[in-house]
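Rule-based calculations on the coordinates, nothing more; no lab input. Small disclaimer: the values here were computed from a predicted structure and weren't measured.
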């Protein structure tokens, strides 16, 4: 299902395959956590901004 994405990640040095398992390289782990942090902070900022005006909003669009 994710064959092309895995191929690209291996090509760019983000993943290796060891004993049939996909393993993040140090470079892959760095970028994974960098972008995870970015999206997490974006989500929290959006949620706090929304909840500052309304304690229990009906929904939120990211």
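If you wrap the tightest convex hull around every Cα atom of the chain and split its volume per residue, you get 124 Å³. With contacts taken as Cα pairs under 8 Å at a separation of at least 6 residues, the chain carries a relative contact order of 17 percent.
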